[in-house]
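Values quoted throughout were computed directly from the atomic coordinates according to the rules given, and no laboratory measurement underlies them. All values reported here derive from a predicted model rather than from experimental measurement. Here the Cβ is made from the backbone with ideal geometry for all residues, glycine too, and neighbour counts use every protein chain on show.
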Amino acid sequence: MKRTTEFLVTMDGVVKLQDELLKEICAEFGISLTEAKVMSFLRNNPGKDTAAEIVELRRMQKGNVSAAVDALVGRSWLRREPDAGDRRKIHLHLTRDADPILAAIDRGWEEFRESLFAGISEEDRKLFERINCRIGANARQALKGRKRS
């Protein structure tokens, strides 16, 4: 396989593993995969707490995120809070009622990391993190250049 194909297949496999771990949480708590992804995103990305940020950073459909947020609010696992400076902006906050699900998400993320990094030294993990950050920054920069053209 060509390196580009290998890279893309690897990334797809990583996303599929994440989804499989979240599906186990979905089955345990009776929630949708989208609801689990929203909760996981909010749990793991402090300071990124709006539906717009979830849509942008997780590449999810706006309508799906909106429906998931409504469902999570309805089950008291999420609350909305208007921004003090911009009333159009709504912050999303996980509630204490969501703690059992969040604990399962935390366990799932630990299993995810252990699975991905099995047999990889701490030094190589740190190198991967640096390279991954650089690749992400390069991709964002390349996309910005393309949007201007």
Per-region count, the range 42-52, residues closer than 18 Å to Ile105 by Cβ, in contact (Cβ under 8 Å) with a residue 40 or more places away in the chain and surrounded by 13 or more Cβ atoms within 10 Å (Cβ to Cβ): 3
Hits in the range 53-75 - residues which are surrounded by fewer than 15 Cβ atoms within 10 Å (Cβ to Cβ), under 11 Å from the mean Cα position of the chain (by Cα) and not acidic (Asp, Glu): Leu57, Arg59
Where a residue in the range 111-128 is under 21 Å from Lys23 (Cα atoms) and its partner, wherever it lies, is in a helix (DSSP H, G or I) and among the aliphatic types (A, V, I, L, M), with Cβ under 6 Å and at least six apart: Phe112/Leu21
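Considering only the range 20-41, I want to know if a residue exists there that is without any contact (Cβ under 8 Å) to a residue 24 or more places away in the chain, surrounded by 11 or more Cβ atoms within 10 Å (Cβ to Cβ) and within 22 Å of Gly136 (Cα to Cα).
Looking for residues that are without any contact (Cβ under 8 Å) to a residue 24 or more places away in the chain, surrounded by 11 or more Cβ atoms within 10 Å (Cβ to Cβ) and within 22 Å of Gly136 (Cα to Cα), one finds at least one in the range 20-41, hence yes.
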